[in-house]
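The structure under discussion appears below in the form of structure tokens.
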Amino acid sequence: MAPHDLSIAIDGRELAADWTDDAPETRAAIADALPVSGDAARWGDELYFEVPVDVPAENARAEVPVGAVAYWPQGNALCLFWGKTPASHGSEPRAASPVNVVAQIEDVSQLSDLDGGATVRVETAD
């Protein structure tokens, strides 16, 4: 099995993710800032935390796939989506405003039992 691009630690849970090509300039800015970490806020089945990155919208969209790792330009935040949010119309994850999708989490099942916010750390996988 090929190694993954990113390692995401959330309160003792270890997740693997891979970069996507949706927003290459945003992806490069986040890659340059790694590792990033913070105390995340929860909004439905989404966690988000502020990162030291400031880039504009790039192929931004509100509806994202389950497992999306996205940058939120309005809040300078990295967001992890695994289910519906207060903005969802059905079961799809939907951001409060358009986000730049930069990576995809391989398996989001460990996130389903998260309670409230969490400490998140995203770094390059070894």
Boolean, P73 is surrounded by fewer than 16 Cβ atoms within 10 Å (Cβ to Cβ) and either modelled with pLDDT of 95 or more or among the small types (G, A, S) (or both):
no
Would you be able to say whether some residue in segment 28-39 is surrounded by 16 or more Cβ atoms within 10 Å (Cβ to Cβ) and under 16 Å from Q104 (Cα atoms)? yes
Those residues of segment 70-100 which are touching a Phe, Trp or Tyr at 6+ places or on another chain (Cβ under 8 Å) and within 20 Å of L6 (Cα to Cα) amount to A70, W72, A77, L78, C79, L80, V99, N100
Exactly one of A17, A28 is free of Cβ contacts under 8 Å to residues at least 24 places away in the same chain and of a type outside the set (F, W, Y), and that residue is A28
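Does D115 satisfy the condition of being in a loop (DSSP other than H, G, I, E, B), of a type outside the set (S, T, Y) and either crowded, with 19+ Cβ neighbours inside 10 Å or touching a helix residue (DSSP H, G or I) at 6+ places or on another chain (Cβ under 6 Å) (or both)? It would help to see each step written out before you state the result.
Working: in a loop (DSSP other than H, G, I, E, B): yes; of a type outside the set (S, T, Y): yes; either crowded, with 19+ Cβ neighbours inside 10 Å or touching a helix residue (DSSP H, G or I) at 6+ places or on another chain (Cβ under 6 Å) (or both): no.
Answer is no for this residue.
Applying the selection to segment 56-95, what residues are in a strand (DSSP E or B) and not charged (D, E, K, R)? Write out each step before concluding.
Looking only at segment 56-95, we keep the residues that are in a strand (DSSP E or B), and these are 61-63, 68-72, 77-81, 94-95.
Those that are in a strand (DSSP E or B) and not charged (D, E, K, R): A62, A68, V69, A70, Y71, W72, A77, L78, C79, L80, F81, A95.
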Confirm whether G44 is in contact (Cβ under 8 Å) with a residue 24 or more places away in the chain, in a loop (DSSP other than H, G, I, E, B) and surrounded by fewer than 19 Cβ atoms within 10 Å (Cβ to Cβ).
yes
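The values are calculated or read from the model by the stated rules, or taken from the named source; none is laboratory data. If you're wondering where the values come from, they're calculated on a predicted model, not measured in any experiment. Glycine also receives a Cβ, built like all others from the backbone with ideal geometry; neighbour counts cover every protein chain displayed.
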